[in-house]
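These notes are about the structure you will find just below.
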């Protein structure tokens, strides 16, 4: 039926038009994918194509063409440039794309280097301290190019000018009330930019600038269509940065990610990405968005969280497979260390919140703010994310800021859909002008610095803002699913079909809903529920399916309605279906 939509308590099926699904299916799409795509807003078969020629043009990206012309002049004059990167996966990939791309287009002798600030001593973005460090590089750069940062760096840009350096800002974060006085700003979220996709990650913005620069150099006769460097060879890096930064996967970003994944699957990605797949024990020939977001991205991010992202950027810049493998193994070790720290912090946070649960105050709160003198500021964002998922509340977690004589706390927050975290912090800062020392970010994630002595006051103010903006509906945990699978669809082929598609933020990975008989259940490593189950209605002579529910220890009844992802598990050459359980609908039939 048109607009099919069923609701079961807080479990609801994504609405979709059966007419659209039929149209998509008639164009040759698998029936299950046709239904899933219709539920994600695709309206015509033309939208299925993710070819590179479907990319939006750089012409509408404000200042992109003029900045490309400026870069072409800089390359011709061979003036020294320095890329100032951010310390996360998006910043690292944007830096590598910028360096590789500018050397590709300007020649290997292009005088360009990079600098990534230490997040613990220098904070985020192009601060005056970072600019002073940049001025000491040899040769001294004439131009600083920011990637994935800079839109809020008024003081840093002013300091660069004082030190006779010009700044080109490439960023995707939301601007503050005033823009920095940079020589050029390329950011789809700046005022007056009509670029149809506001969802480009920092690495996407840098890639667009290179595409425009290549066109400008072609116009100047430096190369022809046939002889021009292939900046598309950098799309594996663009895909990784876009997915790891949880950018909305609108069609334009899906085109970028799809083409990057094709390169990884074909074995022609950068040596650093190949090495990360090896370190993560993932098969690059079957690479998907889940790998990028949950296996490759975190290993690269670990360098910026606990050490220095220079290591991660070196990995993405090397063309030597042995060096890449050595760095990837070191990042894998750092990531294991990060996981250990995170587990300890999470346990401490949950113990603290358990007291609130006992007194009932956690249910009354619309936000979570925590800090602990023992916590590590490189991991606060991940812990905030875990708390947000567990309690369905916006969460901000603080740790002592390095280099602040113990007087400052640095926090990282994660939000719910419908609650714009950066805007909420902006409201707090306007109500209490001296409370937040600095902040930045976007709808779903933000960072900030406050005084330790102001933590309780901040907690109260943020809670007030959250209470005024969050409705009961937003605070209710909702499980949106894609309906039931038929008995014949529980196959490894369907698992592979789903894994090959481009899922992510704004184009969610499919989860299904169905009733199962639980034939067996046990605990794995004392903290994960392992199950054997059979869909109700499936013939009894069919072998039960394997399932796992991570971080759940409570057993299920003999019959249960479950929300799950369907994946294909390969072991010793055998492919089998596995269900990854995400929720149990206790409100009906169980």
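Considering the range 45-59, and only residues there that are within 24 Å of residue 22 (Cα to Cα) and in contact (Cβ under 8 Å) with a residue 40 or more places away in the chain, the residue that is surrounded by the most Cβ atoms within 10 Å (Cβ to Cβ) turns out to be 50.
May I ask you to verify whether residue 135 is in contact (Cβ under 8 Å) with a residue 24 or more places away in the chain, under 21 Å from residue 203 (Cα atoms) and out of contact with any strand residue (DSSP E or B) (no Cβ under 6 Å at 6 or more places or on another chain)? For residue 135, the condition - in contact (Cβ under 8 Å) with a residue 24 or more places away in the chain, under 21 Å from residue 203 (Cα atoms) and out of contact with any strand residue (DSSP E or B) (no Cβ under 6 Å at 6 or more places or on another chain) - is not met. Residues in the range 153-167 that are farther than 12 Å from residue 135 by Cβ and surrounded by fewer than 24 Cβ atoms within 10 Å (Cβ to Cβ): 154, 155, 158, 166. The set of residues from the range 228-246 being farther than 9 Å from residue 203 by Cβ and assigned to a loop (DSSP other than H, G, I, E, B) comprises 228, 229, 230, 246.
Across the range 26-44, the number of residues qualifying as assigned to a loop (DSSP other than H, G, I, E, B) and buried (at least 19 other Cβ atoms within 10 Å of the Cβ) comes to 2.
Residues in the range 393-424 that are in contact (Cβ under 8 Å) with a residue 60 or more places away in the chain and closer than 20 Å to residue 347 by Cβ were compared, and the one that is surrounded by the most Cβ atoms within 10 Å (Cβ to Cβ) is 396.
Checking 389, 374 one by one, the residue that is part of a loop (DSSP other than H, G, I, E, B) and either surrounded by fewer than 18 Cβ atoms within 10 Å (Cβ to Cβ) or not assigned by TED's automatic domain parsing to the domain that holds residue 246 (or both) is 374 and no other. Residue 346: surrounded by fewer than 19 Cβ atoms within 10 Å (Cβ to Cβ), modelled with pLDDT under 95 and either assigned by TED's automatic domain parsing to the domain that holds residue 173 or in contact with a helix residue (DSSP H, G or I) (Cβ under 8 Å, 6 or more places away or on another chain) (or both), yes or no? Taking the combined requirement at face value, the residue satisfies it. Among the residues of the range 2-22 satisfying the criterion of being surrounded by 15 or more Cβ atoms within 10 Å (Cβ to Cβ) and at pLDDT below 95, which is nearest to residue 479 (Cα to Cα)? Of everything passing the filter in the range 2-22, 11 is nearest to residue 479 (Cα to Cα). Can you spot a residue in the range 250-264 that is more than 27 Å from residue 421 (Cβ to Cβ), in contact with a strand residue (DSSP E or B) (Cβ under 9 Å, 6 or more places away or on another chain) and surrounded by fewer than 20 Cβ atoms within 10 Å (Cβ to Cβ)? Scanning the range 250-264 turns up no residue that is more than 27 Å from residue 421 (Cβ to Cβ), in contact with a strand residue (DSSP E or B) (Cβ under 9 Å, 6 or more places away or on another chain) and surrounded by fewer than 20 Cβ atoms within 10 Å (Cβ to Cβ).
Given the criterion in contact (Cβ under 8 Å) with a residue 24 or more places away in the chain and either assigned by TED's automatic domain parsing to the domain that holds residue 218 or more than 20 Å from residue 237 (Cα to Cα) (or both), identify the matching residue among 40, 77. Full working, then the answer.
Details: 77 fails: in contact (Cβ under 8 Å) with a residue 24 or more places away in the chain.
Criteria check complete, one pass: 40.
Confirm whether residue 445 is under 30 Å from residue 40 (Cα atoms) and modelled with pLDDT under 95. Taking the combined requirement at face value, the residue satisfies it. A single entry from 568, 553 fulfils the requirement of being closer than 18 Å to residue 498 by Cα and assigned by TED's automatic domain parsing to the domain that holds residue 523: 568.
Listed by first and then second residue, the pairs with beta-carbon distance under 9 Å, at least 6 apart or on different chains, first residue in the range 449-473 and without any contact (Cβ under 8 Å) to a residue 12 or more places away in the chain, second assigned to a helix (DSSP H, G or I), are 464/428; 464/431; 468/427.
Within the range 455-487, being in contact with a strand residue (DSSP E or B) (Cβ under 8 Å, 6 or more places away or on another chain) and farther than 30 Å from residue 21 by Cβ holds for 455, 458, 459, 462, 463.
Quick one: which of 315, 256 is touching a helix residue (DSSP H, G or I) at 6+ places or on another chain (Cβ under 7 Å) and over 27 Å from residue 580 (Cβ atoms)? From the options 315, 256, the qualifying one is 315. Taking strands (runs of 3 or more DSSP E) as the structural unit, those lying wholly within the range 427-545 and holding at least 3 residues that are buried (at least 19 other Cβ atoms within 10 Å of the Cβ), in contact with a helix residue (DSSP H, G or I) (Cβ under 7 Å, 6 or more places away or on another chain) and not assigned by TED's automatic domain parsing to the domain that holds residue 262 correspond to 436-441, 445-451.
Of 302, 307, 295, all but one fail to be over 26 Å from residue 407 (Cβ atoms) and either in contact (Cβ under 8 Å) with a residue 60 or more places away in the chain or in contact with a helix residue (DSSP H, G or I) (Cβ under 7 Å, 6 or more places away or on another chain) (or both); the exception is 302.
Matching residues to (1) within 22 Å of the chain's Cα centre (by Cα); (2) free of Cβ contacts under 8 Å to residues at least 12 places away in the same chain; (3) more than 14 Å from residue 124 (Cα to Cα):
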{"residue": "144", "(1), (2), (3)": "no, no, yes"}
{"residue": "148", "(1), (2), (3)": "yes, no, no"}
{"residue": "151", "(1), (2), (3)": "yes, no, no"}
{"residue": "155", "(1), (2), (3)": "no, no, no"}
{"residue": "161", "(1), (2), (3)": "no, no, yes"}
{"residue": "167", "(1), (2), (3)": "no, no, yes"}
{"residue": "171", "(1), (2), (3)": "yes, no, no"}
{"residue": "178", "(1), (2), (3)": "no, no, yes"}
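The values are calculated or read from the model by the stated rules, or taken from the named source; none is laboratory data. Remember, it's a predicted structure, so these values are computed and weren't measured experimentally. Ideal geometry is used to build each Cβ from the backbone, glycine not excepted, and the neighbour counts take in all protein chains shown.
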